[in-house]
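Take a look at the structure below.
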Amino acid sequence: MAKKSRKTAAKYSELGRAKKRKQRNRVLPETESVAAAPPRPVAEARPAKTAVARAARKAQPEVKRATADYSYVTSDLKRIGILTAGIAVVIIVLAFVLG
């Protein structure tokens, strides 16, 4: 069985090396230098929300979320507290007995 896993590992290793070689040999396209556009005034930075945009947002179907039931949490916390107190008592008793 060991030979089979080594063959699989070698295959994936070779695939990874081939991928890296391909990335190294890839020629990046030259980028053109673009003149920077003049800054826009602050008033034009964000368009005002229109009634059409609000209506389009409201037109989406409403997603109903399932209400979570956490009624078990309090009983679990009580159980955890009781176990923690019991373990603490056992540790204290052992400290006095063995110490």
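The table below gives the values:
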| read-out | value |
| --- | --- |
| Selection from the range 63-99 of residues that are surrounded by 10 or more Cβ atoms within 10 Å (Cβ to Cβ) and either basic (Lys, Arg) or at positive phi (or both) | LYS78, ARG79 |
| Unmet requirement for ALA48, which otherwise passes all of (1) within 29 Å of the chain's Cα centre (by Cα); (2) at pLDDT below 85 | (1) |
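The values are calculated or read from the model by the stated rules, or taken from the named source; none is laboratory data. Nothing here was measured: the structure is a model prediction, and the numbers come from that model. Because the Cβ atoms are built from the backbone with ideal geometry, glycine has one as well, and the counts that use them run over all protein chains shown.
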